[in-house]
Amino acid sequence: MLDKGGNAVDAAVAAALVAGVIEPTETTLAGCGFLLYNDGRSGPLSADFGPRAPRAAHSRMFQLNPDAAAPSVLGISPVIDEVNVNGPRASGVPRTLLGLLSAQERWGRLERRTVCQPAIEAAHDGFVVDTWFLTSALSDLTRLRADDMAARIFLTSDGLPSGHDAPLGYGHTFGIRPRIVQHALGHTLEVVAESSLDVLTTGHIARQLVATARDNGGLLSLDDLYDSGPDIGPALTLRYRNVDVSVPRAPGGGITELEILNVWQALNERPSTSHESAEQTRRLALVLRRAFADRYHWLGDPAVVPVPQDPLLSDPYARKLAELVATGEDVPRWNDGPPWLIYASHAVHDPWPHGDGRTPPTWSPEAASPPTSGTTHISAADSEGGVVAITHTAANHFGNGIICPRTGLLFDSAMAWFNAAPGAANSISPGGRALANMGPALITDNGRSIAALGASGGRRIVSAVAQLVIAMVDGKLGPAEALALPRMDASGPSLVLHEGRAEHVDAVADLNPTVVPQTNEPFTMDFARPNIAGYTASGTPRSAIPTHAYGD
């Protein structure tokens, strides 16, 4: 797209569209996500097409399963038969395709058909089955077999994943290259490329999606799609050291990333990375845990419930949490169970006094829903100072497992992001927005673009993005060097450390540490999978993406 005269928006959107075709294990064009853009002049802008519930959804639509055990890495909600993850009622409102193309129409330069063409070709020509797809499909066989269209596209006639009879690691080495072809999806993209975007909100593609949802017992309506366009406006920005860090304003990972950064700079008056000492490793772990305790209790859709966004990001509150971290004490009750469950009904901090004086709400759900998996991230920079960060997702591997046969679009599992229990800040509400993990970010300096970054990897995205900002701003590292630093994650019951940080494990011995070996590569999501695009000090574009979890 850049070679064709496009800008960073054209490039990032084209890549995001292709990802929606070739990465069904992670994302879908009928899913949800966020886009951030800075042109170097107007200030960071956000296009929010994040997860939203259908209007027919409600807080008691799922029956809780209190005996369910969440997986160790990403988690699912405690719902009987996991129907908030699998099947027709798991789907949120499809927003990705409309969100991406609306942003491109507003900020891009190229014709829509040009930006859509690579995705159209990927759908008709097919994508090569690789080891990641094969292992993901094998783990989701029951779901894929349950839907006729999904089985027809992703499985062979004997009900096994396409390419299952080829050796792992095949492809270029063996010359065996099975391909997943999606002609219905390709045709849908051809129609969208040549039509008004109304085709996705009131036109025949919208009607086809609703018809399939109704055929399967889903909740989607034409009213949902009519209002599914992105919310576009200024991004949410925090002054961090001598730069600005911007994230989407919508419920997502961004507000927690900013809270982490604000507490870190309150704790360390001078720039400081957590790699400098064992003490700093411990301090970062405690900063992360306290921010996640707030996240699991206070965050939801501010259009539906009171959310203390400004207090959470205020300097007095950051200083208060920094003082707690400086004591070296762990977060109270962290070891009582999964933190998303414990803190959903228990507030360990009260940010409200640092706001406008409103009385804080009381949240007391019966249970809580941990975050889900999936997600793709794209970072782009052009030669004129423009940067874009896009994170979009199916919310779960292969979404809810259902493909609309009329359009070829895979429905997502956005309902899994809500707390399935009523009485929480993030409980389901009609047309409400779920608290997503996605947390793309931009770093700017007086409007000048420095970097776009983000990650895939469920709830671990938040810790990863915050640590990358600290590495780049405090440590003054470039994208490749920042990605190469071994990270930690403190969003779950165990503090997860990469073996590159094992020298400091004694300093966090009481925080239930788990050391993840380098040999878990290349597909581990223990620390998310970020990428970065930006500029050198002289203004030359540069980028980095890990070949494994670490390294450029």
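None of the figures in this text is laboratory data; all of them are computed from the coordinates on show. Predicted model only: the values in this text are computed from it and were never measured. Cβ sites come from the backbone with ideal geometry, for glycine too, and all protein chains shown count toward neighbours.
Over what distance in Å are the Cα centres of the range 400-464 and the range 467-489 separated?
23 Å
How much length would be gained if the chain were fully extended between ASP336 and GLU499, taking 0.36 nm per residue of separation minus their Cα-Cα distance, in nm to one decimal? Before the final figure, lay out each step's value.
Values: separation 163, 0.36 × 163 = 58.68 nm, distance 2.62 nm.
Result for the pair: 56.1 nm of gain on full extension.
At 0.36 nm per residue, and after removing the present C-alpha to C-alpha distance, how many nm does the segment from GLU121 to THR156 gain when stretched out fully?
10.4 nm
Count the net charge of all other residues whose Cβ sits under 12 Å from the Cβ of PRO311, scoring Lys and Arg as +1 and Asp and Glu as -1.
-4
Run the paramagnetic zone check for ASP445: 7 angstrom along Cα to Cβ, then residues of the range 383-411 with backbone nitrogen under 19 Å.
383-388
If one takes the longest principal axis of the Cα atoms in the chain, at what angle in degrees, from 0 to 90 and to the nearest 10, does the Cα axis of helix 96-107 lie?
80 degrees
When VAL192, VAL263, VAL462, VAL128 are ordered from fewest to most other Cβ atoms inside 10 Å of their Cβ, what list results?
Going from least to most buried by this count: VAL128, VAL192, VAL263, VAL462.
Please report, to two decimal places, log10 I(q)/I(0) for the range 215-326 at q = 0.10, 0.13, 0.22, 0.23 Å⁻¹ as given by the Debye formula with identical point scatterers on the Cα atoms and no solvent.
Here log10 of I(q) over I(0) equals -0.39, -0.58, -1.25, -1.34.
Of all DSSP beta bridges located in the chain, what percent are antiparallel, nearest 5? Please list the in-between numbers first.
Working: 53 of 59 bridges.
Antiparallel: roughly 90 percent of the beta bridges in the chain.
Below 12 angstrom from the Cβ of VAL243, what's the summed charge of the other residues (Lys, Arg +1; Asp, Glu -1)?
Values: positive: ARG239, ARG241, ARG448, LYS476; negative: ASP244, ASP445, ASP474.
In short, +1.
If you find the alpha carbon centre of the range 340-364 and of the range 104-169, how far apart are they in angstrom?
43 Å
Could you state the angle between the C-alpha long axis of helix 460-473 and the longest principal axis of the C-alpha atoms of the chain, as a value from 0 to 90 degrees rounded to the nearest 10?
That helix lies at roughly 60 degrees to the long axis.
For the range 1-46, rounded, prolate or oblate, judged on the Cα gyration tensor with a ≥ b ≥ c (square roots of eigenvalues), a/c < 1.5 rounded, else prolate if a/b > b/c?
Oblate, because a/c is 1.5 or more while a/b does not exceed b/c.
Working out 0.36 nm times the residue gap between THR131 and GLU276, then minus their Cα-Cα distance, what length gain in nm do you get to one decimal?
48.5 nm
Under 11 Å from the Cβ of VAL387, count the other residues' Cβ atoms, weight Lys and Arg +1, Asp and Glu -1, and hand me the total.
Net of charged neighbours comes to -2.
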